[in-house]
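Note sheet for the following structure.
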Amino acid sequence: MNNLASIKPMAMERDLIDRALSELGQSIDVRGKVLATSNAPWDARVLLEVGGQKLTYHCEVKGRIDRRSVLLDLNARGLAVPDGLLVTTLLSQELAATCRELGMQFIDTAGNAYLNNGAGLYVFVSGRRASELGFNAVEVASITPAALRVMFGFLADPSMLNAPYRGIAPAVRVSTGAIGKVFDTLHARGFIATAPNGDRVIAAPDLLLGEWATGYLSRLKPKLKTYRFSGPSVQEFSERWAPARRASAWGGETAAAIHTRHLKPGACTVYLQMDEPQALRHLVKDFKLKADPAGPIEVVEAFWNMDWFADAFPTVPLPLIYADLLGTHDARNLAVARHIASEVTNHVRR
């Protein structure tokens, strides 16, 4: 979603919408057109004529969706509303079914669709393949694990967007050589832009946060050292363990509970600076933790330098709490996740 008050779709978004509307017209008897402007935080606005009805939708445009977690993130951000419409490239049958399950209306560039306005309109088409390569063959610059680390830094501390490369690199643990490529990627994807005074700005905070969260869960976190344990109850562990500044911090549900006071944690997530190998051993020994793949106590390697972003202590920065909550796939956490997402995007816009 975009953060400008009234905006015309960017060229890439417009191309994707036009293609999706064209394919939808070939799939079912629907006529559609893009309206001149949209209102924040949406990317575009379209008019659909279907079944004798004229319906206006606010659109979230996503270039590619290949995992359920992306849809869960969009749902957490409030896309599943009667006038909300996801526009994307070819969506698999499984993901189309997920959209229907979530009540999230969509159209894609192969003519698949789910439309249900609760007032007599119901359309569900899935399984269609793209008639030609078209937009699906165009790969926008990919979001790498290094890019995800840098995106985290920008969301946690927007001033870092205009910091020297040598200031960004140690904070998020990437090489200075990688940062230029990351900026190119974020510009190409429309996440950042250049202001008239030459400063870099985050052009689409909602979109950047969503891309960060889903990318973290699917591409960065799997590369981190992660352990699960059983031991004391969640409540006892939360009361007895205390993070050490610049060495560890609460993440996940416990961090959300500390920050919002609106959640009773059902699990604990600890982020630990693992440069010192004894840190994990001491934690396991002190609390008599036992390895358990289904255990409620999760310990994750801190992927950033904990000397930075310490203002959030005793929790990790808010963008990471948001991603952790989405990763639980627990409906009770989604309302809290939405609240945290609003805090992050409001902070970025200031």
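The values are calculated or read from the model by the stated rules, or taken from the named source; none is laboratory data. Keep in mind it's a predicted model, so treat the numbers as computed, not measured. We place every Cβ from the backbone using ideal geometry, glycine too, and count neighbours over all the protein chains shown. Protein only, heavy atoms only, side chains kept; ligands, DNA and RNA dropped before computing areas. Shrake-Rupley method; radii C 1.70, N 1.55, O 1.52, S 1.80 Å.
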Heavy atoms only, 1.4 Å probe, whole protein assembly: order Phe124, Phe237 by accessible area, highest first.
Phe124, Phe237
Using amide H atoms built 1.01 Å from N in the peptide plane, name the residues 5+ places from Ala249, or on other chains, whose amide H lies under 5 Å from its own.
Tyr271
In what sequence, largest accessible area first, do Lys264, Lys62 appear using a 1.4 Å probe?
Lys264, Lys62
At most 11 other Cβ within 10 Å, DSSP loop - trypsin sites (Lys or Arg not before Pro), region 152-226
none
Rounded, prolate or oblate: pick one for region 112-258, where a ≥ b ≥ c are the square roots of the eigenvalues of its C-alpha gyration tensor, a/c under 1.5 means rounded, and failing that, prolate if a/b is larger than b/c, else oblate.
oblate
Would you please name the trypsin sites (Lys or Arg not before Pro) within region 265-328 that are DSSP coil residues with at most 12 other C-beta atoms within 10 Å of their C-beta?
Lys288
Quick one: grab the alpha carbon gyration tensor of region 228-350, order the square roots of its eigenvalues as a ≥ b ≥ c, and give me rounded if a/c is under 1.5, else prolate or oblate depending on whether a/b is larger than b/c.
oblate
Taking all protein chains in place and a 1.4 Å probe, what share, in percent, of the accessible surface of the chain do carbon and sulfur account for?
50
When only the heavy atoms of the protein chains count and the probe is 1.4 Å, how do Glu301, Glu253, Glu94 rank by accessible area, highest first?
Glu94, Glu301, Glu253
Kindly write out, for region 269-285 in residue order, the coupling ³J(HN,Hα) from the Karplus curve 6.51 cos²θ - 1.76 cosθ + 1.60 (θ = phi - 60°), rounded to whole Hz, with x marking Gly and Pro.
10, 10, 9, 10, 6, 9, 5, 9, x, 6, 4, 5, 4, 5, 4, 5, 5
Amide H contacts under 5 Å for Asp292, restricted to residues at least 5 apart in sequence or on another chain and with H modeled in the peptide plane, are Arg228, Phe229, Ser230
Helix-only CD estimate at 222 nm, as mean residue ellipticity for the chain, using -39500 (n - 2.57) per DSSP H run (n ≥ 4):
-12000 deg cm²/dmol
Compare Leu48, Leu72, Leu320 in a GNM of the chain, Cα atoms joined below 10 Å, and give the one with the largest fluctuation.
Leu48
Under the 0.36 nm per residue contour assumption, what length would be gained going from the current alpha-carbon distance of Thr260 and Asp83 to full extension?
60.8 nm
About the Cα centre, and with charges only on the beta carbon of Lys, Arg (+1) and Asp, Glu (-1), how big is the dipole of region 246-342? Nearest 20 debye, please.
360
Report the gain in length on full extension from Asn346 to Ser22: 0.36 nm times residue separation, minus Cα-Cα distance, nm rounded to one decimal.
113.1 nm
Shape verdict for region 14-121, please, from the Cα gyration tensor: rounded (a/c under 1.5), prolate (a/b greater than b/c) or oblate.
rounded
If each residue of separation counts as 0.36 nm, what is the full-extension length gain between Lys285 and Lys225 once their alpha-carbon separation is subtracted?
19.8 nm
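Per residue, how large is the accessible surface of the chain? Use a 1.4 angstrom probe and give square angstrom.
Ligands and nucleic acids excluded, the result is 44 Å² per residue.
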Ignoring ligands and nucleic acids, what accessible area does His58 show with a 1.4 Å probe (Å², nearest 10)?
30
Give me a comma-separated list of calculated 3J(HN,Hα) values for region 15-29, in order, Karplus coefficients 6.51, -1.76, 1.60 applied at θ = phi - 60°, integers in Hz, x for any Gly or Pro.
4, 5, 5, 4, 5, 5, 5, 4, 5, 5, x, 7, 7, 9, 7
Heavy atoms of Met12 accessible to a 1.4 Å probe, total area in Å² rounded to 10:
90
Using the Karplus curve 6.51 cos²θ - 1.76 cosθ + 1.60 with θ = phi - 60°, work out ³J(HN,Hα) for each residue of region 75-80 in order, rounded to whole Hz, and write x for Gly and Pro.
5, 5, 8, x, 6, 7
